[in-house]
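Okay, so here's the structure we're looking at.
Derivation of every value follows stated rules applied to the coordinates shown; laboratory data play no part. Note that the coordinates shown come from a computational prediction; the quantities given were computed from them, not determined experimentally. Here the Cβ positions follow ideal geometry from the backbone for every residue, glycine too, while neighbour counts run over all protein chains shown.
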Amino acid sequence: MSHDSIKSIFSAAISIVLVIFGQFSKADNITSSTPVLSIEKVERLALENEPGISSQDWQVRSLSENAIAESQLPDPKIQLGLINVPTDTYDFDQENMTQIKLGVSQQFPAGNTLDVKQKKIEKQALSIHERKEQRKLTILKTVRLTYLEIYYLEQAKLTILENKKLFSQLTDIVKSLYSVGKNNQQDLIRSQLEISRLDDRIVRIDKKIKAQRYSLARWIGIENSQLRLANKLPEWENTELKESIYEDEETLVKQLLKHPIIKEMDYKMEETRQDISLVKESYKPGWGLNISYSYREDSPDGIERSDFITVGTSIDLPVFSAKRQDKKLLSKEYKYQSLKDERVELLRNLMSTLQQEYSNRNQIIKRNQLYQTLLLPQAKQQAEAALLAYQSDRGDFADVMRAHIDNLNALLDNMRITIDLLKTKSNILYLTSSFSNEG
């Protein structure tokens, strides 16, 4: 084979490089007749008919109904009895005090106990409602991160497959050169080894894709989880804040106070405050009202006997409160202080996590800019230069393969940066209680 022929072969190889490595940016133009699984569809499916959310809805309804029930007075009691019946004759008209008594009694809880009980249960319902909102946020974050990871893995697989085509072309060229004695066996072995390594990477990626799709199936079903992913990634531009914002605690606290975790804790504290009010109401006396009517028969000689009406009341005397109400009050007050400290700890943890996410986001943006402006162009140029040097007998084949592997890794790293940026935005959405994609 002449030198001109070799030059032609490597010129063709350079063209292959330019074409194949340009395919990565076009990978999302793949069309298919199968249904598309967008991230918005994943979010909707994950929240629809989710048993955990449905269960908490029923709990809220249950407590709402119970709040009404607990605010009602206890049922009145009816008394019916026979009084002073003579046991010798059992006649109702024999003795003056023999009576048929019908009475009604009603108990009234101490102070505003009923109103306080209703408010306490309402706070419980609101607390569970916020727990449900927290579950929604957690589910959304989970499916978003899973979806993004599947997207990265599948794009990485496409990129590796395209590069495998290039490496196969280079291997064919090396075989041709080796067959005419223009190359050594080591170059051929090296090219075949790199193809085997790419095959291994594809196998490992396939394993990860299956694992992630089965994880997604837990939320959207196995059939939906196997659909082709949409080409377009979400933007979530509502997370774009200036670098200095994540250091502004006042701004972040305003965001975090809206988070269901904090709101749930607020309602728990309100519930405990109602417990404190209940104990305070127990210091007040409860009381009851009794009204009865007693009927008497006329005497045997026909003399009319008057019937009786009895009205009475009973009052609780909370005089032994030192080891009952006092201790209960202290117990509830201690619990309230505990919840206050727990709320502060939760807020600090959320604050720290949100600041870290904002910081990570800004650092990833800087890395992305570095890859776009320097690393990707440099890796591509290095791969082309290595081919040209090898073509001109000024380089060896190991440098060619190393340069192309570096270029492949740079492409994969760039895609990983893109996905990591979106994952960070997803975490910010979770922390700032944002459900919708406003990008």
Using a Förster distance of 35 Å, the FRET efficiency for ALA217-LEU375 (Cβ separation, nearest 0.05): 0.45
In whole percent, the Cα-Cα distances of the chain spread across 10 Å bins from 0 upward as 4, 14, 16, 14, 12, 10, 8, 6, 5, 4, 3, 2, 1, 1, 0, 0
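Note the full-extension length gain between GLU48 and SER352 as 0.36 nm times their separation in residues minus their Cα-Cα distance, in nm to one decimal. Write down the numbers at each step before the final one.
Values: separation 304, 0.36 × 304 = 109.44 nm, distance 3.19 nm.
The span from GLU48 to SER352 would gain 106.3 nm if fully extended.
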Hey, quick one: spin label on ARG305, modelled 7 Å out along Cα-Cβ, who in segment 67-107 has an amide N within reach, i.e. under 17 Å? 81-102
So which lysines pass the test for LYS284, namely a Cα distance under 27 Å, with those fewer than 8 places away in the same chain ruled out? LYS77, LYS117, LYS119, LYS120, LYS123, LYS268, LYS323, LYS327, LYS328, LYS332, LYS335
Divide by every residue of the chain the summed helix terms, -39500 (n - 2.57) for each DSSP H run of at least 4, and state the resulting mean residue ellipticity at 222 nm, rounded to the nearest 500 deg cm²/dmol. -23000 deg cm²/dmol
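Whole-Å semi-axes of segment 240-354's equivalent ellipsoid, largest first, each the root of 5 times a Cα gyration tensor eigenvalue? Walk me through the numbers on the way to the answer.
Values: eigenvalues 795, 60, 11 Å².
Result for segment 240-354: semi-axes of 63, 17, 7 Å.
Over segment 68-127, what relative contact order in percent results from Cα pairs under 8 Å that are six or more residues apart? List each step's numbers first, then the result.
Working: 63 pairs, mean separation 24.6, N = 60.
Rounded, it is 41 percent for segment 68-127.
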Pairs of Cα atoms under 8 Å, at least six residues apart: use those to get the relative contact order of segment 358-413, whole percent. 37 percent
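Between ASP88 and LYS327, take the C-beta separation as r, use R0 = 56 Å, and let me know the FRET efficiency to the nearest 0.05. All intermediate terms of the calculation are to be shown ahead of the outcome.
Values: r = 56 Å, r/R0 = 0.99.
For R0 = 56 Å, the calculated efficiency reads 0.50.
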ASP413 paired with ARG61, simple spin-label distance in nm, labels 7 Å along Cα-to-beta-carbon: 5.5 nm
Could you list, bin by bin from short to long, the percent of Cα-Cα pairs of segment 271-416 in 5 Å steps? 2, 7, 8, 7, 6, 5, 5, 4, 4, 4, 4, 4, 4, 4, 4, 4, 4, 3, 3, 3, 2, 2, 2, 1, 1, 1, 1, 0, 0
Relative contact order [Cα under 8 Å, 6+ residues apart], the chain, whole percent: 24 percent
Using every pair of alpha-carbon atoms in segment 344-439, split the distances into 10 Å bins beginning at 0 and state the percent of pairs per bin, rounded to integers. 15, 30, 22, 16, 11, 5, 1
List the residues, sorted by chain then number, that are 5 or more residues from GLY395 or on another chain and whose placed amide H is less than 5 Å from its amide H. TYR390
Quick one: plug the Kirkwood hydrodynamic radius of segment 100-183 (C-alpha pairs) into Stokes-Einstein at 20 °C, 1.002 mPa s, and report D in µm²/s. 104 µm²/s
